[in-house]
Every structure is written in C-alpha cells, then in structure tokens.
Amino acid sequence: MGPNGRYLEGPIQSSGLGAGCFTRLGNAVCLILLLGYGVLWSGTVQQMGGSDNYVRHTPFLATITGARIVAAGTAPLLYDRPTQEAVQAIVLEADAGGTSFLPYREPPLAALALAPFVGLGLPYSLIFTIWAVVTTTAAGLCIGLLAGRWPAPRGTPWLLMLAATSFLPLISSLMLGQSTVLVLLGGAGLTAGLKSRQDLAAGAVAALTAMQPVALVPILVLLLAARRWAALAGLAATLGGVSLVVAPWLGPTWLLQYAALALAPAAPGGVALGLGALLTIGMFWLWRRQPWQPATMAWDLRWAIGVLAGVLLISQEPALALVLAIVPGWIMAAQLANGRLPPAQRRFWLAWLWIGYAIGLGVALLPGALLGGAVLWLLGALGGGIWSLEGTRPAPSLSGDPGARGQAASEA
C-alpha cells in the first residue's frame, strides 16, 4: 500500500474469493443452471415438432437462407432482398407472402462456409449441429485465452469458467445459432494478444468482431484511442484480404450490396449519438499519453474500462453487449480473486459481477423489458472500473528521487 493509503501494483495477495463455501456454492449454482438450460432447450425442441422445425424458428434461419443462395450458384444475389425472401419461403415451406422475413445481414463467411453442407442436402438440424460445434469451440477458446492471461488462484478458476460458460446471453446465442460467440472470440483474442504484445496478430483475430459489424465500431475507437497502430493494421489487412478472397463468388460490388441491406434499419437517435460521442471522447481521455505497459494492473483496468465504454456504444443490443462484457468482467474478477483490490472495491465487484450475471439471465428472457437494467449495470461497471483505476495510482514521491518518480509513472 502506498503512502496515501491506496493499493499499488504488487505481489499477488491471498484470494478475495477463496476456495471456501461461497466458491463451492457458486460452482453448484452455475452447474445447476447449465443443466436446467439443457433440459429447457431439449423441451423447446420437442415442443416445436423436432430439430429441423426448431432450426426454422431461430435466427439461424437467416444463415440457412444465405447458405442456400450460395449453394444454388447465385452467390452474387446473396444480399438481394427479393432473392432472400423467395429462398427463405422455400426453407420455411411456405408462400413468400405469408412468412415473417428474417434477412441475412451478416458478412458472407457463415453462408459461404455452410453452403457445401446445404449443397449435399444435409438436414437443417445437422447443419445447425455443425455450426454449434464451431461456435462452442470458439467459446472454449475465449475462456482459454482469458484464463491464460488472467489466471485466478485456488478453486476460483473453475468458478470463473463456469460463470462465463453458464452466462445465459452466451448460452442463448449458442442455442439460437448466432455468431455472437465468434464476436466474443475476436474481442478476447484482441485483448489477450495486446496483453502479450502481439499487436499485429491481435488485430487479425479482432477481425472476427465484424461477424456482427455493430461490434466492430467500438473496437476501432478503442484501438485508435490507445494508439495501437499495428493492431489496426492487422485488423484492416485481415478485413481487406477476406473481402478480396470472397469477391470471386459474390462479385466486385458485394460490399455495396451488403451495406445497402445491413444499413436498412433506422439510424440511431440523437440520444444514442450523444452518448456515443461522449464515450468516444472518454476513451481518448482514458489513454491520453499513457505508456503502453500491459504487464501492469493499471493497463488491465484501463483496457477493461475502455471495453466497457465500447460495449455501452452498442447497448441497443443488450444481449450482444453483455456477452462482450465477459472480457472486462473476467479481468475484474481476476483482480478480485487475486486480492489486488482494496476491501471496499472487492465488495463492490463481488456484488456487481453477480448482479450482472443475474441481469444477463433476465435480458436473455426479456430483452426489451430489461434493456434499461443492462445499461445501468454497464454504467455501474464503468464507474467501478474508474474507481478501481484511481486506486492503482501511487502517491507522488516525497523524496524528490527521479527514479522513484519514473517508477510511479511506469505503474500508472
């Protein structure tokens, strides 16, 4: 502890969570919830008349639609709305005018990857299973990356892994065949890569966030604010290279067609734009003239705050925002478990992380009703991160020793 009473970067202390009864209770709760989700999902599939019919009533319907267009040899029409409507009516085995249209608005990678399986005539349920294997593997990679860079002592790694994998917004995305987990892998890979000082590779992995382009915007803002030019170069090169690779199938103007369909929804309102501008300014303020030292606790907290601010930029999609909040949530939980926060902050984060876990349960079940709850939790986490960051700043040296001042600047 420094002379001003604040906690400084130092050796790992005893765990704030420990391996006692509360940790075991948390493990049990997460396991019970995982089992419960599996039972409910199985019952839902049966109620819908089987797995093929279930797939037709999930967002994966849009991916199947895109894959059928590519498999039919009409890939240049992938983002043509009338074509999508006609093909989706075939998938639903209904008249085009009588269906509730679900457009394919994502980048073409999922449609291109699954088109061969559609061309083989595989059942939709089997194609869904193939996709689920990919996304579940991605979820495991996310946990591995975070656990490798931010380990926790004693029994708490199991609690962190179970809490992350049983987080209902994440589970729901897997059950619905969404690409949210791939976006999370992009964010986790970027974070772990920067922590390892592998900026170029980190930027390349971050290209996965473009699977849901709304998540790409805060990533760009954060990398610009942190002045990570190599990571930005890796991100731009990967996105540009993929765009060129798919052009022979989709045509040279596919990006324009994709943008026309993806940007069809209404533009954000004035409040959203104002909040976005404020958070963008805040991220640039956060990284003002700060040394790039990812080995320090101050970097961990600063990055977690930046990601939370970025997540708030896309809070109009609360399920996606809360899934991406797993990255800063894990960082803060690791600081908590390693005893690197003062008691008041430790109590705050222990309570706030579990509150976020509970809000995730509600958001996945009632996304519209609990949007405000998700935003309030993100704002509280952002404030808690700033509070924790303030605690890592050592007091000015009283001795006037230049070396001590340099060390203090390094830690901050």
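Numbers at a glance
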item	result
Size of charge dipole - region 52-122 - debye, nearest 20, with Cβ of Lys, Arg +1 and Asp, Glu -1, no other charges	140
Local net charge near Val70, Cβ-Cβ under 15 Å (Lys/Arg +1, Asp/Glu -1)	-1
Burial ranking of peptide ranges 192-199, 41-48 (average Cβ count within 10 Å, highest at the top)	192-199, 41-48
Packing-based order for 131-144, 297-310, using average beta carbon neighbours within 10 Å, highest first	297-310, 131-144
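A short reminder: the numbers here are calculations on the coordinates, not readings from a lab. Note that the structure is a prediction, hence the values are computed from the model and not measured. Glycine gets a Cβ as well: all are built from the backbone with ideal geometry, and neighbour counts include every protein chain shown.
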